[in-house]
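In what follows, a single structure is set out as structure tokens and then discussed.
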Amino acid sequence: MLVLSRKTGESIMIGDQIEVKVLAVEGDQVKIGIVAPKAVKVHRAEVFEAIQEQNREALTFSNELLNKLKRNK
């Protein structure tokens with residue numbers, strides 16, 4: 001893990017197309033802005049994890065459905 005210190009208004013670059021900028025620091029909250037190409041999906045970690053879990057559940061359901069269909073032939 002790379003750990004960087006940044007002040008309000010400063011940013012870091014990830015590759016040559018993604019910029020993460022510190023917009024404000026208010027108490028224990030940091031507001032950041034992310035500039036990235038539209039093709040790059042940007043999610044909060046908890047949203048990303050929920051999406052991953054839903055994808056896993058969908059795969060499990062699909063396998064169960066396929067097995068059920070195979071048995072019915």
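Computed over the alpha carbons of region 1-40, Rg followed by Dmax gives 11.0, 33 Å. Each 5 Å bin from zero up to the one holding the largest Cα-Cα distance in the chain carries the following percent of pairs: 3, 12, 13, 15, 14, 10, 7, 7, 6, 5, 4, 2, 1.
How much net charge surrounds Val30 when only the other residues with a Cβ under 15 Å from the Cβ of Val30 are counted, with Lys and Arg +1 and Asp and Glu -1? Provide the component values of the computation, followed by the final result.
Numbers: positive: Arg6, Lys7, Lys21, Lys31, Arg44; negative: Glu10, Glu26, Asp28.
Every neighbour counted, the sum reads +2.
Taken about its Cα centre, the chain carries a charge dipole of roughly 520 debye when the Cβ of each Lys and Arg holds +1 and the Cβ of each Asp and Glu holds -1.
Hey, what did the chain get for relative contact order, percent, Cα under 8 Å, at least 6 apart? Before the final figure, lay out the partial values.
On the way: 51 pairs, mean separation 12.1, N = 73.
In percent, rounded to a whole number, it is 17.
Every number in this text was worked out from the coordinates using simple rules, so none of it is lab data. In this text, all values refer to a predicted model and were calculated from it rather than measured experimentally. Heads up, the Cβs are rebuilt from the backbone with ideal geometry, glycines too, and the neighbour counts pull from every protein chain shown.
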